[in-house]
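Trainee: This is the structure I want to talk about, given as structure tokens.
Each value in this text was obtained by applying a stated rule to the coordinates, not by laboratory testing. Note that the structure is predicted; figures quoted are calculated from it, not measured. Here the Cβ is made from the backbone with ideal geometry for all residues, glycine too, and neighbour counts use every protein chain on show.
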Amino acid sequence: MKDHSGSDLARKNAAVKACELVEDGMAVGLGTGSTTAYAIRELGRRVDEGLDIVGVPTSYASEALAIECNIPLSTLAECPELDIDIDGADQVDSSLNVIKGGGAAHTKEKIVSCSSKMFAVVIDGNKLKDVLNRGVPIEVLPYARRLVEKKIAGLGGKCTVRTGSGKDGPTISDNGNFIMDCDFGVINKPAALAEALAQIPGLVEHGIFTNADFVYVGYEDRVERLE
Ligand code: 5RP
């Protein structure tokens, strides 16, 4: 039987369900990626119906989509404390540790999630695993690339510069930096790895998030909320 837990419908179901947390007067962090796009479109639909919110985007892509959806926008400078942040993820473990950054936006995504009273992650069922085991994206100052590679190797990882954004050469983040993907195999202690990565000079931000309050896991016929 075909497994539909990773389908567009599953993603949409998770995103729309998480939007039920959003109420009038809230400042809302707008994550990045295909799952979050469903949330932005749903919030736009509700704004058209009179929902009174401001959104703070985590990337140029989410900003553009929010503008298209007529969501009033603000910035962290104007609005430093957000009520809720809704964002996608690449993988989530059973303790709600999260890997993000598949869309190269994890630096702003982390800043926005840490500026929010509530952080809701939206994924399809294929992304939920017992233990994290996929590559960890890191954003790196180009000047620091070799040092970061050496330090990552010292932590038992192997990193490669991400390419393939439709142009030749490295993928460049919205902040003008390289994105590297680090393979650590199975990540048994995500918080400890996050701590170690945060110590590396020139590593701007890593994609391990340990601050999710809720994870909405979408399937084609239901949504499960983990907390
Ligand atoms: C961007 C992210 C995305 O939220 C993550 O990659 C999931 O994207 P998608 O919903 O398209 O699978 O972290 O940096």
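Trainee: Just checking, which of 108, 129 is within 29 Å of residue 4 (Cβ to Cβ) and within 16 Å of the ligand (Cβ to nearest atom)?
Mentor: On inspection, the qualifying residue turns out to be 129.
Trainee: Scan the stretch 110-131 residue by residue and report those that are in contact with a Leu (Cβ under 7 Å, 6 or more places away or on another chain) and part of a loop (DSSP other than H, G, I, E, B).
Mentor: Scanning the stretch 110-131 gives a single hit, 115.
Trainee: Sticking with this structure for a sec: Could you list all residues from the stretch 64-101 that are assigned to a loop (DSSP other than H, G, I, E, B), small (Gly, Ala, Ser) and crowded, with 22+ Cβ neighbours inside 10 Å?
Mentor: So the first thing to find is which residues in the stretch 64-101 are assigned to a loop (DSSP other than H, G, I, E, B), and the list is 69-72, 74-81, 89-90, 93-97, 100-101.
Narrowing the set further to residues that are small (Gly, Ala, Ser) leaves 74, 77, 89, 94-95, 101.
Of everything in the stretch 64-101, those that are assigned to a loop (DSSP other than H, G, I, E, B), small (Gly, Ala, Ser) and crowded, with 22+ Cβ neighbours inside 10 Å turn out to be 89, 101.
Trainee: Could you grab me the full set of residues in the stretch 135-153 that are surrounded by fewer than 17 Cβ atoms within 10 Å (Cβ to Cβ) and either of a type in the set (Gly, Ala, Ser) or under 22 Å from residue 4 (Cα atoms) (or both)? Can you show your working first?
Mentor: Step one: list which residues in the stretch 135-153 are surrounded by fewer than 17 Cβ atoms within 10 Å (Cβ to Cβ), which gives 141-143, 146-147, 150, 153.
Across the stretch 135-153, the qualifying residue is only 153.
Trainee: Exactly one of these conditions fails for residue 134: (1) part of a strand (DSSP E or B); (2) of a type in the set (D, E, K, R); (3) within 28 Å of residue 220 (Cβ to Cβ). Give me its number.
Mentor: (1)
Trainee: Where the second residue is of a type in the set (Phe, Trp, Tyr) and the first is within 30 Å of residue 152 (Cα to Cα) and lies in the stretch 207-225, which pairs have Cβ atoms under 7 Å and are six or more apart or on separate chains?
Mentor: So the pair list comes out as 211/119; 212/119; 213/119.
Trainee: What residue, of 64, 37, is without any contact (Cβ under 8 Å) to a residue 24 or more places away in the chain and closer than 25 Å to residue 171 by Cβ?
Mentor: On the way: 37 fails: without any contact (Cβ under 8 Å) to a residue 24 or more places away in the chain.
That would be 64, the only listed residue that is without any contact (Cβ under 8 Å) to a residue 24 or more places away in the chain and closer than 25 Å to residue 171 by Cβ.
Trainee: Which residue out of 205, 195 is buried (at least 19 other Cβ atoms within 10 Å of the Cβ), of a type in the set (D, E, K, R) and either away from the ligand (no atom under 16 Å from the Cβ) or closer than 19 Å to residue 114 by Cβ (or both)? It would help to see each step written out before you state the result.
Mentor: Details: 195 fails: buried (at least 19 other Cβ atoms within 10 Å of the Cβ).
Testing whether each residue is buried (at least 19 other Cβ atoms within 10 Å of the Cβ), of a type in the set (D, E, K, R) and either away from the ligand (no atom under 16 Å from the Cβ) or closer than 19 Å to residue 114 by Cβ (or both) leaves just 205.
Trainee: Name the residues in the stretch 9-67 that are within 16 Å of the ligand (Cβ to nearest atom) and on the phi > 0 side of the Ramachandran plot, would you? Let's see the steps before the verdict.
Mentor: Keep residues of the stretch 9-67 that are within 16 Å of the ligand (Cβ to nearest atom), which gives 9-19, 28-43, 55-66.
The one that is within 16 Å of the ligand (Cβ to nearest atom) and on the phi > 0 side of the Ramachandran plot: 33.
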